[in-house]
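Colleague: Quick one: the structure is below, questions incoming.
The values are calculated or read from the model by the stated rules, or taken from the named source; none is laboratory data. Remember, it's a predicted structure, so these values are computed and weren't measured experimentally. Cβ: placed from backbone, ideal geometry, glycine included. Neighbour counts: every protein chain shown. Accessible surface is based on the protein model in full, side chains and every heavy atom, while ligands, DNA and RNA are left aside. Shrake-Rupley method; radii C 1.70, N 1.55, O 1.52, S 1.80 Å.
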Amino acid sequence: MRQMAHGGNLAWAAALAGCSPSAIVDFSASISPLGPPSSALVAIESQLVNLRHYPDPDYCELRLALGKFHQLPPEWILPGNGSAELLTLAGKELAELAATAFITPAFGDYYRSLAAYNAKVLEFPLSSVIDQESFVISDLSSILDRGQITKDKGLLLNNPHNPTGKLFSKQAILPYLEKFALVVVDEAFMDFLPPDQQQSIIGEVEKYPNLVILRSLTKFYSLPGLRLGYAIAHPDRLRRWQSWRDPWPVNTLAQAAAVAVIADQDFQKQTWTWLEPTRKQLFEGLAQIPGLQPLPSAANFLLVKSQYSSLELQQQLLKHHRILIRDCLSFPELGDGYFRVAVRLSSENQRLLDAIALVNSP
């Protein structure tokens, strides 16, 4: 069975471990272990009777709810079948430009979405700041200004950055809205930060018609099986995107769950309260294991530099402990010397730490 470049391939992991997928503790996909929220499950159950009908093709209720959540008119929001679908539509637009710049190592879907339309790619390595102590990067120019930036190019930026977890400050991003023809900011992990720590650029979207923000509702709310994300951009651009895609990309159950969870303030507060101390516990535990160096992260995952083969570690953890970590072989800049782990419940994190210690022991 083929292993996907993405994390979360439990069928592949279970085949290797010789167990059922449900027996695997999955650290490879950066999904909250606290969900799905009960509000989502109740909303889904309430809509089962409506499965006999087509979904609302205009997502009126969902767009109104998201508009209220972000204090934007609903026409500035377009729900999608996961943010991956919307990234593909962004790739179509970016391919019309002279080139698209993005920071590496980069989320693999960026290459996919741009290659689908034969877009020219300009890679800007993050290596100069990858090992710095702070997880907030305020000097984006030290990365992007190494190459030629012209107004006929696009920028695809991941914030917080995947796979490093680095957070770019809003003030660092703003100048590039004037320097690029189109700026797409993927904020798939931004909601894991409490509101007073977020560096979202959503508040600028009405000022800049060349700005697109992509958001995911599946990671924070633990709903990847529903496939739901949304784009925030000028209504003219979103109408164009809508005309390019198949009808009904967002199903009835996903729409209902999304409306419920963005109003679920209790779950949001629970997640923010859980993440910071639990991530700190996991970071400190990994740092105490000889040969491992975790990087500070603003997201719900940690990138770990390893003196050992991450592929070998992944295999041993699966076969002997039924634990799946994310190797970084799909990131050419990282390779076998890094792995990534999601932050899970404290007891699961301790199970991971104990298992790595056993695997690495002489």
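Colleague: Considering only the stretch 221-229, I want to know if a residue exists there that is loosely packed, with under 15 Cβ neighbours inside 10 Å, within 19 Å of the chain's Cα centre (by Cα) and small (Gly, Ala, Ser).
Modeller: yes
Colleague: Any idea which of (1) among the basic types (Lys, Arg); (2) crowded, with 21+ Cβ neighbours inside 10 Å; (3) in contact (Cβ under 8 Å) with a residue 60 or more places away in the chain is the one Lys92 doesn't satisfy?
Modeller: (2)
Colleague: Any idea which residue in the stretch 314-362 is surrounded by the fewest Cβ atoms within 10 Å (Cβ to Cβ), counting only those that are closer than 13 Å to Gly291 by Cα and among the β-branched types (Val, Ile, Thr)?
Modeller: That would be Val359.
Colleague: Got a number for residues in the stretch 237-262 being in a loop (DSSP other than H, G, I, E, B) and either touching a Phe, Trp or Tyr at 6+ places or on another chain (Cβ under 8 Å) or buried (at least 17 other Cβ atoms within 10 Å of the Cβ) (or both)?
Modeller: Summing the residues that are in a loop (DSSP other than H, G, I, E, B) and either touching a Phe, Trp or Tyr at 6+ places or on another chain (Cβ under 8 Å) or buried (at least 17 other Cβ atoms within 10 Å of the Cβ) (or both) in the stretch 237-262 gives 5.
Colleague: Out of curiosity, is Leu311 surrounded by fewer than 18 Cβ atoms within 10 Å (Cβ to Cβ), touching a residue at least 12 places away in the same chain (Cβ under 8 Å) and outside the structural domain of Val42 (by the TED database)?
Modeller: yes
Colleague: Out of (1) farther than 27 Å from Pro194 by Cα; (2) within 22 Å of the chain's Cα centre (by Cα); (3) outside the structural domain of Val205 (by the TED database), the odd one out for Leu295 is which?
Modeller: (1)
Colleague: Would you say Gln268 is of a type in the set (S, T, N, Q) and in a helix (DSSP H, G or I)?
Modeller: Taking the combined requirement at face value, the residue satisfies it.
Colleague: While we're on this one: Could you tell me how many of the residues in the stretch 203-232 are over 25 Å from Asp266 (Cα atoms) and in a loop (DSSP other than H, G, I, E, B)?
Modeller: Adding up the residues that qualify gives 6.
Colleague: Related question: Among Glu123, Glu133, which is the only one that is at pLDDT below 95 and either basic (Lys, Arg) or in a loop (DSSP other than H, G, I, E, B) (or both)?
Modeller: It is Glu133.
Yes/no matrix, rows are residues, columns are (1) assigned to a loop (DSSP other than H, G, I, E, B); (2) among the aliphatic types (A, V, I, L, M); (3) open to solvent by 80 Å² or more (accessible area, probe 1.4 Å); (4) at pLDDT below 95:
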| residue | (1), (2), (3), (4) |
| --- | --- |
| Ala13 | no, yes, no, yes |
| Leu16 | no, yes, no, yes |
| Ser28 | yes, no, no, yes |
| Ser32 | yes, no, no, no |
| Pro36 | yes, no, no, no |
| Ala40 | no, yes, no, no |
| Leu62 | no, yes, no, no |
| Phe69 | no, no, yes, no |
| Leu78 | no, yes, no, no |
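Colleague: Moving to a separate point now. Looking only at the stretch 298-321, filter to residues that are of a type in the set (D, E, K, R) and over 26 Å from Phe192 (Cβ atoms); which one of those is modelled with the lowest pLDDT?
Modeller: Lys319
Colleague: Something else now. Answer yes or no: is there a residue in the stretch 346-357 that is basic (Lys, Arg) and touching a residue at least 24 places away in the same chain (Cβ under 8 Å).
Modeller: Checking the stretch 346-357: at least one residue is basic (Lys, Arg) and touching a residue at least 24 places away in the same chain (Cβ under 8 Å).
Colleague: Does the stretch 172-195 include one or more residues that are open to solvent by 40 Å² or more (accessible area, probe 1.4 Å), not in a loop (DSSP other than H, G, I, E, B) and not aromatic (Phe, Trp, Tyr)?
Modeller: yes
Colleague: Within the bounds of the stretch 323-346, is there any residue that is part of a helix (DSSP H, G or I) and of a type in the set (S, T, N, Q)?
Modeller: So far as the stretch 323-346 goes, yes, one or more of its residues are part of a helix (DSSP H, G or I) and of a type in the set (S, T, N, Q).
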